[in-house]
Amino acid sequence: MRIDIVTIFPEFFSVLDVSLLGKARQNGLIDLAVHDLRDYTYDRHRTVDDTPYGGGAGMVMRPEPWGDALDSILYASEAQHAAPPVIIFPSPAGELFSQSMARELAVERQLVFGCGRYEGIDQRVVDYASTRATVRLVSLGDYVLNGGEVATMAMIEAIGRLIPGVVGNPESLVEESHSDGLLEYPSYTKPAEWRGFEVPPVLLSGNHGAIAAWRHEQQLERTRRVRPDLLAE
Ligand code: 6GU
């Protein structure tokens, strides 16, 4: 998968060199490029924002650098006769990110993340991008971050680990939280007793049917207790 990120904080993304995703990049499973939005400004101060029309607090990102940055990414894509990418603008005003959205996005050839800062990006950037590619505004949840960078990182991690070959043992993707709409069951390892706390005896029984039934019951109990909204779906 090809991933392009547009941001005014390229150094934020140096953490993508490490861990599972860093290895996936070394192996060529993920081809990731970070673009500095300020490289597409032409004034001495490399300005990317301005005051909002209509008034109000904060600053809005001007459309021109965004237009040029996106054009350059889309041009490179078209030059390879490739299908248009999906462009994602992280935004608290977007649709909610989820495991099912991660699964959808994991099969795309190219994703472009446009990280807004300040009070947002001029709406015409989204309108223009929509004429050239599939555009999605995506939110991580009902709280506000200072910009799209951390949200982009979270989405890339969730999507990247679903790309075949990125996670060493694909079995570990099967029984995790949200894979079946329920929260994961609790896990235990050695020792069998620790500081007076014991591993549930069924897990030591060797009875695979009983273990599977216990784990499913734990998933239901946990989900009912902390995330009843998931059961309603
Ligand atoms: Cl995607 N962006 C920002 N700025 N804040 C958020 C978010 C995204 N998701 C939740 N809060």
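The values are calculated or read from the model by the stated rules, or taken from the named source; none is laboratory data. Bear in mind the structure is a predicted one, so any value in this text is a computation, not a measurement. All Cβ positions, glycine included, derive from the backbone under ideal geometry; neighbour counts span all protein chains shown.
Below are the figures for this structure:
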| read-out | value |
| --- | --- |
| Qualifying residue in region 142-162 (condition: outside any helix (DSSP H, G or I), farther than 30 Å from Gly120 by Cα and of a type in the set (Gly, Ala, Ser)) | no |
| Meets criteria (over 24 Å from Ser177 (Cα atoms), out of contact with any Asp or Glu (no Cβ under 7 Å at 6 or more places or on another chain) and either in a loop (DSSP other than H, G, I, E, B) or not assigned by the TED database to the domain that holds Thr47 (or both)) for Ala82 | yes |
| Test: residue in region 220-228 that is in a loop (DSSP other than H, G, I, E, B), surrounded by fewer than 11 Cβ atoms within 10 Å (Cβ to Cβ), touching a residue at least 24 places away in the same chain (Cβ under 8 Å) and not aliphatic (A, V, I, L, M) | no |
| Region 143-185, subset loosely packed, with under 13 Cβ neighbours inside 10 Å and within 16 Å of the ligand (Cβ to nearest atom), residue farthest from Phe89 (Cα to Cα) | Tyr143 |
| Ala57 being exposed (fewer than 15 other Cβ atoms within 10 Å of the Cβ), within 16 Å of the ligand (Cβ to nearest atom), aliphatic (A, V, I, L, M) and over 18 Å from Tyr40 (Cα atoms) | yes |
| Ser77 vs. criteria surrounded by 17 or more Cβ atoms within 10 Å (Cβ to Cβ) and in a helix (DSSP H, G or I) | yes |
| Yes/no for Gln110 being more than 14 Å from the ligand (Cβ to nearest atom), among the polar types (S, T, N, Q) and buried (at least 16 other Cβ atoms within 10 Å of the Cβ) | yes |
| Of all residues in region 113-132 being of a type in the set (Gly, Ala, Ser) and touching a Gly at 6+ places or on another chain (Cβ under 9 Å), the one that is surrounded by the most Cβ atoms within 10 Å (Cβ to Cβ) | Gly114 |
| Any pair with Cβ under 7 angstrom, 6 or more apart, that starts in region 66-88 at a residue that is within 16 Å of Arg38 (Cβ to Cβ) and ends at one that is among the acidic types (Asp, Glu) and assigned to a helix (DSSP H, G or I) | none |
